[in-house]
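These notes concern the structure reproduced below.
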Amino acid sequence: MSRPAALLRNAARQARIAPSPGGLQTPLPRAGSSMTKRPLSILRSASTPTRLTSPTAISSRSFTSSSVQRHGEVTRPAPGTGIKVTYRDSKGNDIKTVEGNEGDDLLILAHEYDIDLEGACDRSVACSTCHVIIDPKHYDMLPEPDDEENDMLDLAFGLEDTSRLGCQVKLTKELDGMVATLPAATRNMYVDGAKARTH
Ligand code: FES
């Protein structure tokens, strides 16, 4: 049987046994009665395509976004309001005192102020070219380095007791006044092998 014919037959069957609100079935009207015309209208409506999706059924999707932090960019604090860090060279001379915000790390801050701290692996903790030596007072305020950082520090040139990877030192308010000394040289084992690069 073709599909339209099957549809018509089903509709006719349902028209003849229409359920009443109480669950009882409505008897089939006699042929020739005025009710016999009703199945025809039902048949017509049965062949009319039904719109299944109303406009209100399409729910609008919402999404949220967060601000983008791009590498190599920091927002400079207004002068006198930031956390002060002094970068010093290996001979004990101050290179520059700069101000950063909470959460900035020593590497990004150095790049922002053109201080020669390399950062070859871009914070992947896969080099030691961002090695800095922190003054003892502020070193004790820092969270302990994790194993990955310790592994890289082991490869650093001129390692000292208060050595850290600059990219792993994040500023907090209590670090205000910190001094970060650049070692005399850095070593990028993955690029240079054991050859040190002087600052
Ligand atoms: S940039 Fe390589 S470990 Fe910090």
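Since every read-out is calculated from the coordinates, none of them should be taken as a lab result. These figures come from a predicted structure and were not determined experimentally. When we count neighbours, we look across all protein chains shown, and the Cβ atoms used for this are built from the backbone with ideal geometry, even at glycine.
Over the Cα atoms of the range 83-198, Rg to Rh with Kirkwood Rh, two decimal places?
0.92
Which aspartates and glutamates, if any, have their Cα less than 16 Å from the Cα of K170, not counting same-chain residues under 8 positions apart?
E73, E99, E102, D104, D105, E112, D122, D135, D140, E144, D146, E149
I need to check one value: relative contact order of the range 62-183, counting alpha carbon pairs closer than 8 Å and at least 6 residues apart, in percent.
So the answer I get is 34 percent.
What does the highest-first list of 144-151, 97-104 look like by mean Cβ count within 10 Å? Working shown, then result.
On the way: 144-151: 12.2, 97-104: 17.2.
By packing density, highest mean first, the sequence is 97-104, 144-151.
Below 13 angstrom from the Cβ of L175, what's the summed charge of the other residues (Lys, Arg +1; Asp, Glu -1)?
-3
For K173 paired with E102, estimate the spin-label separation in nm (one decimal), with each label point 7 Å from Cα along the Cα-to-Cβ line.
Label at K173, label at E102, 0.6 nm between them.
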